[in-house]
1. If I stretch the segment between T95 and Q134 completely, what's the gain in nm (0.36 nm per residue apart, minus their alpha carbon distance), one decimal?
2. What would the Debye equation give as log₁₀ I(q)/I(0) for the range 34-187 at q = 0.14, 0.20 Å⁻¹, counting only Cα atoms as equal point scatterers?
3. Evaluate the range 108-216: find the radius of gyration of its Cα atoms, find its Kirkwood radius, and give the ratio Rg to Rh.
4. Just subtract the alpha-carbon distance of V41 and V59 from 0.36 nm times their residue separation and send over the number in nm, one decimal.
5. Could you work out the local net charge near T73, counting Lys and Arg as +1, Asp and Glu as -1, over the other residues with Cβ closer than 13 Å to its Cβ?
Amino acid sequence: MREILNNPWVLAALSGLAGAILTILVRRVLNKRGLFTYSVVHNHVGISTDDAVFGSVKVTWNDNAIANLYISTIEVRNESLRDFEGVTLRVWTTTTSLLTERAEILGTTHVLAWTREFAETLAVPAGKAASPEQLSLVYGRREYAVPTMNRGAVIRLTFLNAANSDDVPQVWLNVVHPGVRVKYRALPQQFLGVPQPAAALVGFLSGLIVVPVIVTAVDTAWLTATLAFLYGAMLLLPGALLLKLWRWARDMVGG
């Protein structure tokens, strides 16, 4: 085996094979199917009430009373290592009426517009009123054209909406683009910009390596116990830092 490894031709062949395998793996990572994730947060901002003793509070839209008014915020993130062009975001609901809106790409001055097809469907000639079909469409759906969705980019969609019942409204999102799948993710608590559950898991797994090293390297029992205790108490910190390091390395590979 030593003679084989010392052969320059064998080393060249093995190096070439290793480079080819690494290239294939990197291309598989870069060409992996795109993943967009989104989360939704609903904030109750208005309630209409009628009280004969303490008075009435009315929230209205076009002079019509609204029982419950919400601000619903959707954040969409490109989790893949690819940039996408010509993406269409489709938002829809059956439990509330979408009223005013704001659609933006965070970190930029770019405000998203409706897709051409959607805008043409809702076009109302001058001097005429919107048809019942158009009103039903605009209250229940929106479609936005995203010229470029870079890797790691976040789009925020904010809607003022009137719920059809006392229940919290439900608003969904879909991405219309080849090679992209969409996944809903409930918004977890964050620690240093990293989800706490993920930071805790990575911190625990790293502790399986760090704690044995402490036990081996430190001879004093009380110091060993103290260091292990401190590591366990600060479990989220190393987990968050390791996840940030992983994201940085992933972004370096993905360009």
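None of the figures in this text is laboratory data; all of them are computed from the coordinates on show. The model shown is predicted, which means the values in this text are computed figures rather than measured ones. Every residue, glycine among them, receives a Cβ derived from its backbone with ideal geometry; neighbour counts consider all protein chains shown.
1. Taking T95 through Q134 to full extension adds about 12.3 nm, to one decimal.
2. Rounded to two decimals, the profile gives -0.75, -1.27.
3. Taking Rh as the inverse mean 1/r over Cα pairs, Rg/Rh reads 1.18.
4. The span from V41 to V59 would gain 4.4 nm if fully extended.
5. The answer is -1.
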